[in-house]
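Worksheet for the structure shown next.
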Amino acid sequence: MVKTEKFIPKAVEKIKNEIDGRAIIALSGGVDSSVCAELAYRAIGDRLHPIYIDTGLMRKGETDRLKHIFSHMNLHVVYAKDRFLAALKGVTDPEEKRKAVGETFIRVFEDEAKKLSAEYLIQGTIYPDRIESEGGIKSHHNVGGLPSVMDFKKIVEPIEDLYKDEVREVAWALQLPEEICERMPFPGPGLAVRILGEVTEEKLEATREANAIVEEELLDRFCPWQTYAAVIGKGTGVKGDIRAYGWIVAVRAVGSRDGMTAEALELPWDVLRHIQSRITSEIPSVVRVVYDITPKPPATIEFE
Ligand code: XMP
């Protein structure tokens with residue numbers, strides 16, 4: 001366990017010494033980048049320019065929540081949904097999607113960074129990110145992408161030696177809101193990896209709404225390590241008296257320690273039925289809801 005009382009002043013002091021100009025950070029709303037932004041803000045104040053890119057692949061209400069939480073900072077919000085959807089057009093392979101999102105992210109970030117002419121880049125890389133990326137399990141786009149394409153005086157990684165639980169501990173000590181400190185993991189490529197096949201606006205909307213319902217029903221009551229909904233295909237159903245061809249939504253809720261292995265939660269039947277009923281009635285394009293009971297391994301937590 002990291003000694004937060006010591007870690008915070010030390011990290012702030014280190015950033016202060018390392019950064020003598022203007023710095024940027026890609027703020028995603030996850031606990032890692034949020035902690036880094038808050039540490040850096042305490043160190044260099046308005047010389048920090050956090051950049052938040054709304055990829056259009058975010059969860060419902062996420063951008064507004066983030067704008068509110070970080071309103072005390074020099075936050076730059078970039079709305080770039082069209083660029084991301086254009087990059088994802090026709091892409092069906094999961095790793096290709098990650099690449100498309102990652103590369104577009106870098107380009108949008110670069111464009112914004114150029115406008116700000118910052119000399120320093122702060123990154124929220126944590127210890128397990130490095131291990132998993134080196135292992136080649138999945139390409140996590142928050143590692144290794146930005147530095148190679150941009151010319152910074154220095155890249156500062158204030159939490160590179162911390163584990164996730166230590167980052168959360170620091171987040172609490174920094175008095176970040178609970179929704180950040182205890183935020184469940186959300187993949188960098190966002191809802192794109194919760195849509196099987198091509199990402200379209202229509203699928204994206206169904207996925208976003210279904211994710212919101214699943215979180216509302218499960219987060220507080222069952223405290224899953226991670227829970228979400230994915231659009232996994234199309235199937236036949238009956239809406240009113242008419243046969244309809246609509247989306248199949250899969251609900252996933254898992255317990256885990258570190259995301260390396262996971263177990264599906266044994267949810268009560270009435271809860272699952274209620275989720276099904278809400279999803280199919282509130283999202284007219286969905287005809288079928290399934291619950292994924294597969295542990296990791298052999299499945300991964302995300303569908304893609
Ligand atoms: P899997 O699906 O590999 O997921 O069992 C393990 C954890 O990692 C998250 N995940 C990602 N995070 N970029 C990320 O930043 C990604 O490409 C990515 N893919 C999966 C996933 O949500 C889970 O918490």
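Miscellaneous remarks
- Among the candidates LYS89, LYS99, LYS115, the residue that is of a type in the set (Lys, Arg), in contact (Cβ under 8 Å) with a residue 40 or more places away in the chain, out of contact with any helix residue (DSSP H, G or I) (no Cβ under 7 Å at 6 or more places or on another chain) and surrounded by fewer than 13 Cβ atoms within 10 Å (Cβ to Cβ) is uniquely LYS89.
- Considering residues of the stretch 104-129 that are out of contact with any strand residue (DSSP E or B) (no Cβ under 8 Å at 6 or more places or on another chain) and within 13 Å of the ligand (Cβ to nearest atom) only, the residue modelled with the lowest pLDDT: ASP129
- The strands (runs of 3 or more DSSP E) found wholly in the stretch 230-304 and carrying at least 3 residues that are more than 13 Å from the ligand (Cβ to nearest atom) and not basic (Lys, Arg) occupy 242-256, 286-291.
- Filtered by the rule that a residue be within 11 Å of the ligand (Cβ to nearest atom) and assigned to a helix (DSSP H, G or I), the stretch 192-226 gives ALA192, VAL193, ARG194.
- Members of the stretch 1-26 that are more than 12 Å from LEU39 (Cα to Cα) and of a type in the set (A, V, I, L, M, F, W, C): MET1, VAL2, ILE19, ALA23, ILE24, ALA26
- Among the numbered conditions (1) surrounded by 15 or more Cβ atoms within 10 Å (Cβ to Cβ); (2) farther than 21 Å from GLU201 by Cβ; (3) within 20 Å of the chain's Cα centre (by Cα); (4) among the polar types (S, T, N, Q), the only one that THR261 does not meet is (1).
- The stretch 179-189, subset at pLDDT 95 or above and more than 9 Å from the ligand (Cβ to nearest atom), residue surrounded by the most Cβ atoms within 10 Å (Cβ to Cβ): ILE180
The values are calculated or read from the model by the stated rules, or taken from the named source; none is laboratory data. Just so it is clear, the model here is predicted, and its values are computed rather than measured. Glycine also receives a Cβ, built like all others from the backbone with ideal geometry; neighbour counts cover every protein chain displayed.
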